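So the structure is just underneath, and the comments pick up after that.
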Protein chains: 2
Amino acid sequence: MPSESTAARAASKSARTRQRLLDAAAEVLGEKGFAGSRLVDIADRAQVQAPAIYYYFPSREDLIEEVMHTGAAAMRAHLQRTLEGLSPASPMDRITAAVEAHLRVELELSHYARAIIRNANQLPEPVSRRALAEVARYNDVWRGLLADLQAAGALRPGLDPAVARMFVLGALNWAAEWWDPERGALDALVADVQSMVRHALSA
Amino acid sequence: MPSESTAARAASKSARTRQRLLDAAAEVLGEKGFAGSRLVDIADRAQVQAPAIYYYFPSREDLIEEVMHTGAAAMRAHLQRTLEGLSPASPMDRITAAVEAHLRVELELSHYARAIIRNANQLPEPVSRRALAEVARYNDVWRGLLADLQAAGALRPGLDPAVARMFVLGALNWAAEWWDPERGALDALVADVQSMVRHALSA
DNA sequence: ACCGTTTTCGAATCTGCGTTAGAGAAGACC
DNA sequence: GGTCTTCTCTAACGCAGATTCGAAAACGGT
């Protein structure tokens, strides 16, 4: 039996390789999409040969499935943590905070988020089931934010909350398609987008 | 030499098959994405066997390339026709009209637009070159719309016009991911989105 | 230094799909 | 009805990429 520290180190080495594979898969998925992501690309990026993947995952689909699920869960966790960290705030302020949370996790914090955003709608059924359930819960949080806004009378009358929600999420998600981390700080983007969202929804 | 009418009929039959293939390809591309689109699916949808494709196109990539190029050109043509058809209008009214044009071509008029929107950013270089050039020109039109708005002092101060443009186009493009033609009329969506865009940008 | 376990790799297999080849059907014109 | 052209199909090829296998390497404990 290994001593505590070595066991920890051993476990962590294996765990770290596994993690490298997941991270690599998330990156490739975010760039090439589900059908375009080859195991060789993922393996390369994780500094391994392709067959090594099968030591950690039963199949390509299982690996991808885990990336998707992790990504969706991370987005929701980040959003909910952000909202809970808010001192009592107006519905609109909560939405503004959610906008920032979404953009940061999408563009700065997590390749997994990018993978989710760009692939959620083009995955084959078996792979997407668990992930889509998680995405649905994420959407539920936003549905709540919009409902609160409307209940407070702060949503422009006539606007369908469902359309408003997809409008905002669409604008946010699309940033993954064009935002270039190289040029310009994220802060400026966040501020502009918050301003536009606020005015797009306000009564 | 065939008589006029039969020549026309013959030509049109061949042309129609070719067209069916392009249409089928546009639909499949819009659903599965570039890497996920198989020739068999396209052929099936066009009521042909896969090898028949090669009578009309040199390769899969050429077929797809033409779909992309056609799609991008169609979007731009539709947008420009719409704008030209406008009696002198304020910059904001022009943008509102552009919003409707974009949504209609994306959701109602053309599978090609959907194909472009969902694939423009994940195509391999060789296929995307011509299409992306066309997309760039489409973006230029929008860039002009935003510039005019700003010049007229009607863009909220502080907003980066480039960010504003991507924000709006993102919200519009994302509709391809969730809008279900089955339920609800497009008119309602258009009205809501126009309202949100207007307020998002207004000074 | 030696042994068992964990982890990785090179080589081989299997499968799906783009593509080619060549023969046959469907017309068009005489 | 014959023949030439246009179009489409069936069968087969070749490659790329997922997966499997068995052996080697790396590692931890003694």
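The values are calculated or read from the model by the stated rules, or taken from the named source; none is laboratory data. All figures in this text were calculated on a predicted structure; none of them were measured in a lab. Every residue, glycine among them, receives a Cβ derived from its backbone with ideal geometry; neighbour counts consider all protein chains shown. Surface areas here come from the heavy atoms of the whole protein model, side chains and all, with no ligands, DNA or RNA. Shrake-Rupley method; radii C 1.70, N 1.55, O 1.52, S 1.80 Å.
For A:TYR56, the stated conditions do not hold, so it cannot be described as among the hydroxyl-bearing types (Ser, Thr, Tyr) and within 22 Å of A:LEU186 (Cβ to Cβ). If you check B:MET196 against the conditions, is it closer than 26 Å to A:VAL28 by Cα and either in contact (Cβ under 8 Å) with a residue 60 or more places away in the chain or surrounded by 20 or more Cβ atoms within 10 Å (Cβ to Cβ) (or both)? It is false that B:MET196 is closer than 26 Å to A:VAL28 by Cα and either in contact (Cβ under 8 Å) with a residue 60 or more places away in the chain or surrounded by 20 or more Cβ atoms within 10 Å (Cβ to Cβ) (or both).
In region A:183-203, the qualifying residues are those that are touching a strand residue (DSSP E or B) at 6+ places or on another chain (Cβ under 9 Å) and not in a loop (DSSP other than H, G, I, E, B), and the one that is nearest to the other protein chains (Cβ to nearest Cβ) is A:HIS199. Evaluate region B:125-135: report whether one residue or more is open to solvent by less than 50 Å² (accessible area, probe 1.4 Å) and within 14 Å of DNA strand C (Cβ to nearest atom). Yes: one or more hits.
Show the residue pairs that are 6+ apart or on different chains and have beta-carbon atoms under 7 Å apart, the first residue being within region A:151-166 and more than 7 Å from every other protein chain (Cβ to nearest Cβ) and within 16 Å of B:LEU189 (Cα to Cα), the second being aromatic (Phe, Trp, Tyr) and part of a helix (DSSP H, G or I). Sorted first by the residue in region A:151-166, then by its partner, the pairs are A:ARG165/A:TRP142.
The residues of region B:102-111 that are out of contact with any Leu (no Cβ under 8 Å at 6 or more places or on another chain) and either open to solvent by less than 30 Å² (accessible area, probe 1.4 Å) or among the acidic types (Asp, Glu) (or both) amount to a single one, B:SER110. Being touching a strand residue (DSSP E or B) at 6+ places or on another chain (Cβ under 6 Å) and over 21 Å from B:SER37 (Cβ atoms) holds for only one residue in B:LEU149, B:LEU155, B:LEU145, B:LEU172, and it is B:LEU149.
Each residue in region A:134-150 was checked for being without any contact (Cβ under 8 Å) to a residue 12 or more places away in the chain and aliphatic (A, V, I, L, M), and 1 pass. Beta carbons closer than 9 Å, at least 6 apart along the sequence or on distinct chains, pair a first residue in region A:28-54 that is facing another protein chain (nearest Cβ under 10 Å) with a second that is near DNA strand D (Cβ under 7 Å from one of its atoms) and not charged (D, E, K, R) for A:GLU31/A:SER37; A:ARG38/A:ALA50. Could you list all residues from region B:46-101 that are surrounded by 13 or more Cβ atoms within 10 Å (Cβ to Cβ), more than 12 Å from DNA strand C (Cβ to nearest atom) and acidic (Asp, Glu)? Hits for region B:46-101 are B:GLU66, B:ASP93, B:GLU100. Do we have B:ASP180 as outside any helix (DSSP H, G or I), more than 7 Å from chain A (Cβ to nearest Cβ) and charged (D, E, K, R) here? Yes. When the residues of region A:41-84 are filtered to those that are away from DNA strand D (no atom under 16 Å from the Cβ) and of a type in the set (A, V, I, L, M), which remaining residue is farthest from A:GLN122 (Cα to Cα)? Among residues in region A:41-84 that are away from DNA strand D (no atom under 16 Å from the Cβ) and of a type in the set (A, V, I, L, M), the one farthest from A:GLN122 (Cα to Cα) is A:LEU83.
In region B:27-38 there is at least one residue matching the filter, namely being within 16 Å of DNA strand D (Cβ to nearest atom), hydrophobic (A, V, I, L, M, F, W, C), open to solvent by less than 60 Å² (accessible area, probe 1.4 Å) and closer than 29 Å to B:LEU169 by Cα. Which of (1) at pLDDT 95 or above; (2) farther than 18 Å from A:LEU123 by Cα is the odd one out, the single condition A:SER87 does not satisfy? A:SER87 satisfies all of (1) at pLDDT 95 or above; (2) farther than 18 Å from A:LEU123 by Cα except (1).
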